[in-house]
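Visitor: Let me begin by handing over the structure; questions about it come next.
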2 protein chains.
Amino acid sequence: MANQKLIFTNSPAEAIDRYINEINPPQIFVLTDSNTSRLVYPRIAEKSRHLKKACEITIGAGDVNKSLESLASIWSALGNNGGTRRSLMINAGGGVITDIGGFAAATFKRGIRFINVPTTLLSAVDAAVGGKTGINFNGLKNEIGVFREADAVIISTCYYDTLPQTELRSGYAEMLKHGLISDRATFEELLQFDIAEANAEPLLALLEKNVMVKKRIVEEDPLEHGLRRALNLGHTPAHAFESWAMAKGKPVPHGYAVAWGLVVDLILSHMSLGFPSGDLHKVATFVERNYGPIGITCNDYPQLLEYMRHDKKNASVNEITFSLLEAPGKVKLGHTATPDEISVALDIFRDLMHI
Amino acid sequence: MANQKLIFTNSPAEAIDRYINEINPPQIFVLTDSNTSRLVYPRIAEKSRHLKKACEITIGAGDVNKSLESLASIWSALGNNGGTRRSLMINAGGGVITDIGGFAAATFKRGIRFINVPTTLLSAVDAAVGGKTGINFNGLKNEIGVFREADAVIISTCYYDTLPQTELRSGYAEMLKHGLISDRATFEELLQFDIAEANAEPLLALLEKNVMVKKRIVEEDPLEHGLRRALNLGHTPAHAFESWAMAKGKPVPHGYAVAWGLVVDLILSHMSLGFPSGDLHKVATFVERNYGPIGITCNDYPQLLEYMRHDKKNASVNEITFSLLEAPGKVKLGHTATPDEISVALDIFRDLMHI
């Protein structure tokens with residue numbers, strides 16, 4: 001895992017060619033979805049010497065295609081186009097592509113080499129590093145998969161002109177989470193940065209520092225037995241907000257839910273662990289400005305608590321588990337909160353966000 | 001990998017209960033096929049305290065069921081019966097069950113604990129130890145899978161009264177292979193043993209020594225980059241014999257093909273590396289007596305060579321790769337032989353086997 005190469009560059013084709021020169025695979029496969037195949041991959045391939053002879057495999061875009069059917073079609077394409085144990089697979093796309101492509105590569109002939117080329121901010125900061133691969137199955141997200149790191153991840157911000165603003169903001173919420181887990185300076189730098197005006201180069205520099213936070217945590221705890229749970233900061237309320245919005249027929253982007261969830265978790269951190277109220281207010285202001293409010297009322301609390309109670313990270317349905325902070329960079333794992341405490345936190349959340 | 005528990009006992013229910021007491025899983029699943037479910041598993045379950053509350057998942061018997069469809073049905077059964085990341089899976093059956101069950105467990109929720117309870121000699125000596133899991137896919141054997149060791153393997157010979165003699169002999173050929181790779185004493189002890197008259201207890205003692213040979217090799221080279229290829233002794237000609245017999249419409253058991261393949265590889269070892277002719281004759285006599293002859297003539301050589309040329313262990317189709325021996329216990333990996341040398345070896349094989 002420590003051997004994984006993380007390459008930050010806005011010349012991705014050159015980085016890919018250099019990596020291929022090093023390992024000299026007899027066959028190269030590139031996995032894309034219908035969006036990246038049209039909008040992004042041609043821009044990389046035209047500048048690469050090696051990708052001209054690669055075999056492209058394309059699946060439909062969107063989470064609905066992170067399925068067993070797509071997985072079987074990737075395995076078949078690998079086998080039918082001469083894939084061997086020495087083949088290289090390149091996953092070029094968002095989180096769906098790096099998740100399903102990583103799983104396909106980890107299992108084809110009991111595992112071939114693969115690299116990730118995340119083309120969205122969210123996949124660069126979240127999905128492409130960390131070794132979680134898999135598919136949705138039986139109505140459940142990421143039900144089937146393995147832990148297996150990509151041999152290299154090539155991260156570039158030069159594709160982000162193809163992304164809508166909501167996508168960029170969504171990824172930025174995960175960056176903010178890494179900043180909070182890491183240290184005060186990283187976290188404050190992120191609050192200063194204007195994602196709406198971001199240019200490729202300064203964003204790449206910021207992203208590099210940020211992804212390294214996750215990489216260090218994953219190296220220490222690859223199988224999520226301890227420290228890695230710090231990466232769940234904000235995610236217990238975030239999943240509840242997502243499910244609640246979905247049930248109302250008005251789904252919200254994952255990163256937006258994470259941004260709101262971070263505020264809730266920092267309120268709980270303040271209540272239980274004395275997280276500084278000045279920092280809490282800075283984050284709440286940033287989140288309100290960049291992500292707007294979520295329209296919950298106190299009538300929604302029972303439903304939100306019900307969603308939190310069934311989060312798979314809980315040890316039992318009577319205790320709701322959170323990863324909290326004493327201060328920026330000071331993580332406390334496995335903190336539990338009662339329904340009453342969470343209701344108070346949601347009241348404060350609505351105050352802070354002017355809902 | 002070195003942490004895998006290998007338990008040799010003819011009280012398997014007690015060993016399973018002890019293991020379950022140790023790890024205390026919240027849910028237990030048992031995978032069987034239609035044969036072991038009827039003939040073997042009830043004998044284990046009735047003596048076990050914990051298995052009374054286990055959820056049994058049964059798939060069809062035979063290699064044809066080592067399929068994606070069976071795998072999906074196992075994943076669904078795990079999910080629909082309350083499987084969590086902390087569940088335990090017990091694979092009770094032959095090689096098909098340990099292969100597909102190991103793969104299902106290695107991928108359900110990105111990996112749960114599993115133990116193997118091999119119920120045939122072949123699966124005890126070959127499939128249950130070594131971490132190769134997987135399914136057949138797209139017409140190819142073991143096309144999809146991962147390397148993942150079972151947390152424990154519980155090996156017993158007390159089920160073998162349910163097996164036909166051909167099954168026992170088939171497994172014994174793999175034991176003979178381990179003996180040849182290991183050392184002279186182990187190999188000669190195996191030649192003295194009468195598998196037709198074997199009782200459960202002496203066979204268990206012999207099996208324990210034998211499985212440890214494989215375990216040591218796999219520990220040194222889990223991903224088959226080097227030493228583990230020694231386990232391919234006999235297998236290049238064996239796969240050719242199997243394919244040839246299959247094409248004639250008269251399939252032969254895998255272990256019988258391995259027995260004949262061992263003789264061919266020892267002839268090549270004698271020709272190229274001076275393997276002692278006395279040892280070669282002892283093995284040939286043993287194989288002829290226990291496995292009989294295979295009805296090839298010199299007209300079949302081109303077809304047999306063609307099969308060997310397409311073995312997936314070859315680096316190119318012009319060179320056929322073998323793992324050979326200088327003497328019992330002295331392995332030489334990656335030896336190549338020309339079609340002429342192999343034809344000479346097949347002539348000698350037919351002489352020795354009185355074909």
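The values are calculated or read from the model by the stated rules, or taken from the named source; none is laboratory data. Bear in mind the structure is a predicted one, so any value in this text is a computation, not a measurement. Positions of Cβ are generated from backbone atoms using ideal geometry, with glycine treated the same way; all protein chains shown enter the neighbour counts.
Residues checked against (1) in the same structural domain as residue B:48 (by TED's automatic domain parsing); (2) modelled with pLDDT under 95; (3) out of contact with any Ser or Thr (no Cβ under 9 Å at 6 or more places or on another chain):
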| residue | (1), (2), (3) |
| --- | --- |
| B:128 | yes, yes, no |
| B:141 | yes, yes, yes |
| B:150 | yes, no, no |
| B:173 | no, no, yes |
| B:177 | no, no, yes |
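Visitor: Give the range A:292-316 a look and list any residue that's in a loop (DSSP other than H, G, I, E, B), under 25 Å from the mean Cα position of the chain (by Cα) and closer than 16 Å to residue A:336 by Cβ, or say none.
Guide: A:310, A:311, A:312, A:313, A:314, A:315
Visitor: In this structure, is residue A:201 farther than 28 Å from residue A:345 by Cα, surrounded by fewer than 17 Cβ atoms within 10 Å (Cβ to Cβ) and not aliphatic (A, V, I, L, M)?
Guide: Details: farther than 28 Å from residue A:345 by Cα: yes; surrounded by fewer than 17 Cβ atoms within 10 Å (Cβ to Cβ): yes; not aliphatic (A, V, I, L, M): yes.
So residue A:201 fits the description; yes.
Visitor: Is it the case, given these coordinates, that residue B:133 is of a type in the set (Ser, Thr, Tyr) and modelled with pLDDT of 95 or more? Can you show your working first?
Guide: Numbers: of a type in the set (Ser, Thr, Tyr): yes; modelled with pLDDT of 95 or more: yes.
Answer is yes for this residue.
Visitor: Taking the stated definitions as given, is residue B:188 over 19 Å from residue B:258 (Cα atoms) and either in the same structural domain as residue B:343 (by TED's automatic domain parsing) or part of a helix (DSSP H, G or I) (or both)?
Guide: Values: over 19 Å from residue B:258 (Cα atoms): no; either in the same structural domain as residue B:343 (by TED's automatic domain parsing) or part of a helix (DSSP H, G or I) (or both): yes.
Considered against the rule, which asks whether it is over 19 Å from residue B:258 (Cα atoms) and either in the same structural domain as residue B:343 (by TED's automatic domain parsing) or part of a helix (DSSP H, G or I) (or both), residue B:188 comes out as no.
Visitor: Please go through the range A:81-126 and give me each residue that is within 14 Å of chain B (Cβ to nearest Cβ) and assigned to a helix (DSSP H, G or I), ordered by number.
Guide: Residues satisfying the conditions are A:99, A:100, A:102, A:103, A:104, A:105, A:106, A:107.
Visitor: Any idea which of A:39, A:78, A:71 is more than 13 Å from every other protein chain (Cβ to nearest Cβ) and either within 27 Å of residue B:132 (Cα to Cα) or surrounded by fewer than 24 Cβ atoms within 10 Å (Cβ to Cβ) (or both)? Quick ask: steps written out before the conclusion?
Guide: On the way: A:78 fails: more than 13 Å from every other protein chain (Cβ to nearest Cβ); A:71 fails: more than 13 Å from every other protein chain (Cβ to nearest Cβ).
Just one listed residue meets the conditions, A:39.
Visitor: Filter the range B:31-52 down to the residues that are among the hydroxyl-bearing types (Ser, Thr, Tyr) and in a loop (DSSP other than H, G, I, E, B) and list them by number. Explain how you work it out, then say what you get.
Guide: Start the filter on the range B:31-52 by keeping residues that are among the hydroxyl-bearing types (Ser, Thr, Tyr), which leaves B:32, B:34, B:36-37, B:41, B:48.
Matches in the range B:31-52: B:48 only.
One line per residue, one yes/no per condition, for (1) over 17 Å from the mean Cα position of the chain (by Cα); (2) not β-branched (Val, Ile, Thr):
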residue: B:51; (1), (2): yes, yes
residue: B:57; (1), (2): yes, no
residue: B:73; (1), (2): yes, yes
residue: B:94; (1), (2): no, yes
residue: B:97; (1), (2): no, no
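Visitor: Of the residues that sit in the range A:53-68 and are of a type in the set (A, V, I, L, M) and part of a helix (DSSP H, G or I), which one is nearest to the other protein chains (Cβ to nearest Cβ)?
Guide: Per the criteria, the residue is A:68.
Here's the yes/no breakdown for (1) farther than 23 Å from residue A:213 by Cβ; (2) buried (at least 20 other Cβ atoms within 10 Å of the Cβ):
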site: A:243; (1), (2): yes, no
site: A:247; (1), (2): yes, no
site: A:253; (1), (2): no, no
site: A:256; (1), (2): no, yes
site: A:287; (1), (2): no, yes
site: A:295; (1), (2): yes, no
site: A:300; (1), (2): yes, no
site: A:306; (1), (2): yes, no
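Visitor: So, one more: For the range B:1-30, how many residues meet the condition of being crowded, with 18+ Cβ neighbours inside 10 Å, part of a helix (DSSP H, G or I) and not small (Gly, Ala, Ser)?
Guide: The qualifying residues number 4.
Visitor: Out of the residues in the range B:127-173 that are within 11 Å of another protein chain (Cβ to nearest Cβ) and β-branched (Val, Ile, Thr), state the one that is surrounded by the fewest Cβ atoms within 10 Å (Cβ to Cβ).
Guide: B:146
Visitor: Pairs, please: C-beta under 6 Å, at least 6 apart or cross-chain, first residue hydroxyl-bearing (Ser, Thr, Tyr) and in the range A:329-343, second surrounded by fewer than 16 Cβ atoms within 10 Å (Cβ to Cβ)?
Guide: A:336/A:319; A:343/A:301
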